[in-house]
């Protein structure tokens, strides 16, 4: 399990319940995006968000795993409607 050695300075936190399997998939995707993330031994996922782009990428990544199919379809339809 990845051990994060420094103590993050948290100014805001958002808690989302996701399965442990999805948590690891999200963690690995965030690593690919070069967004600092770590999984303490308690099984949680911590992510360091420094700017709006990182926040958007984290939200998008979590949404892929946490949202239901109908929620994702509704989101996609709204995107298409607003961009036209």
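Quick note: the coordinates plus some simple rules give every number you see, no bench work behind them. Being a predicted model, the structure only gives us computed values, none of them experimental. Don't worry about glycine lacking a Cβ; one is built from the backbone with ideal geometry, like all the others, and counts go over all protein chains shown.
Data table
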read-out	value
Pair residue 51, residue 77: separation of 7 Å Cα→Cβ label points (nm)	3.5 nm
Region 20-83 - Debye-derived log10 I(q)/I(0), Cα point model, q = 0.15, 0.22, 0.26 Å⁻¹	-0.53, -0.93, -1.10
